[in-house]
1. So, with +1 on the Cβ of K and R and -1 on the Cβ of D and E, and no other charges, what is the size of the charge dipole of the range 186-247 about its Cα centre, to the nearest 20 debye?
2. Relative contact order for the range 216-305: what percent, with Cα pairs under 8 Å and sequence separation of 6 or more?
3. What angle, in degrees between 0 and 90 and rounded to the nearest 10, separates the Cα long axis of helix 54-63 from the longest principal axis of the Cα atoms of the chain?
4. Of the listed peptides 264-275, 30-41, what is their order by residue-averaged count of other C-beta atoms within 10 Å, with the highest listed first?
5. Helix 258-269: angle to the longest alpha-carbon principal axis of the chain, degrees 0 to 90, nearest 10?
6. What size of dipole, in debye to the nearest 20, comes out for the chain about its Cα centre when the only charges are +1 on Lys and Arg C-beta atoms and -1 on Asp and Glu C-beta atoms?
7. Suppose the Debye formula is applied to equal point scatterers at every Cα of the range 21-107; what is log10 I(q)/I(0) at q = 0.26 Å⁻¹?
8. Rank by packing, highest mean first: peptides 229-236, 276-283, with packing defined as the count of other Cβ atoms within 10 Å averaged across residues.
Amino acid sequence: MAVLVTGGAGYIGSHTVAALLDAGEEVVIVDNLEKGHRQAVLGGKLYVGDLRDAAFLDGVFRENAIDAVIHFAAYSLVGESMTEPAKYYDNNLHGTLILLEKMREYGADKIVFSSTAATYGEPEQVPIKETDKTEPTSVYGETKLAMERLMRWFETAHGIRYVSLRYFNAAGAHESGRIGEDHDPETHLIPVILQVPLGKRDQVAIFGDDYPTEDGTCIRDYLHVSDLADAHLLALDRLRSGGASDIYNLGSGQGYSVQEMLEVARRVTGHPIPAAVQPRRAGDPAVLIASSEKAKRELGWQPKRDRLEEIVASAWNWHKQHPDGYEE
Ligand code: UFG
């Protein structure tokens, strides 16, 4: 039986495809390559097309014996989602709806879902637990929460079980140096920081230094993308062995400020990386840190690449080798 990975040519998707291939799984990938990269797909069978195209998706299910789906395909920029809500609802929700319908039609009854800390919104407490309130402060977070709820109703109606993984800040790159993070435009902190030593940017803008944190800059929970990928395989195991649907946070449980991230990147790259404080970016919560105790307990997940230096060094390794990202 094959595992279908939607969005498998994207950043987290491609690392998960690599982990599935390492585990000897038969992998089928669907990606429209709007954000993803053909070169990021290290193996498996790639179909280029859009989830919202039901006829296209039907062909994928007809040609492959798919028993489970890992669903990444979605738009994921918080800022953009606020100015283009329709685009996010259409791609994220409509795409998921067509996917679930095809799963039902072809009897694929397990789905691992790529969710986000953005489903919580402004946290009531840190570390954030799965039982905390979900009040997204962005359209992006709202669509991901709606996708989770959609899956819940599909389970009730059609018995499709799901595991939703709410990630905090994915970071780093594959140890082979073959795949990494390549977004256009790039907005994420670590790749933006590394653009300075690459000579692509003069300095980093620190979005606000008046947050209620020790140095005034925002604190996030950074997690190696390959540790994230591993969690998807464990979630798949859980569903295949009959486990119930559930939701898990994935983070390191450690928070680092923007200033601390700059310091680490300076040490890793040996470059002074100048930075200047700018106004806050709309919608940024001050502190986001995960409690991943539930994933550790119930999925047997344990992050292996948990030193921040190591995470940043793996990103640096990829960016040095691919200063212009993937060459299409
Ligand atoms: N930041 C800067 N300067 C930059 C870029 C980022 O100071 O040039 C700061 C941000 O303000 C934030 C932190 O660095 O405080 C991390 O920002 P990222 O954009 O790297 O990541 P976010 O925490 O905003 O977003 C991540 C995921 C989203 C997800 C969100 C959950 O990328 O998909 O976590 O809240 F929705």
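1. That gives the range 186-247 a dipole magnitude of about 340 debye.
2. 51
3. 70
4. Ranked by mean Cβ neighbours within 10 Å, highest first: 30-41, 264-275.
5. 90
6. Here the chain has a charge dipole of around 420 debye.
7. -1.40
8. Ranking the peptides 229-236, 276-283 by packing returns 229-236, 276-283.
Throughout, read-outs are computed from the coordinates displayed, never taken from laboratory work. What you see is a predicted model, and the numbers here were worked out from it, not measured in a lab. Cβ sites come from the backbone with ideal geometry, for glycine too, and all protein chains shown count toward neighbours.
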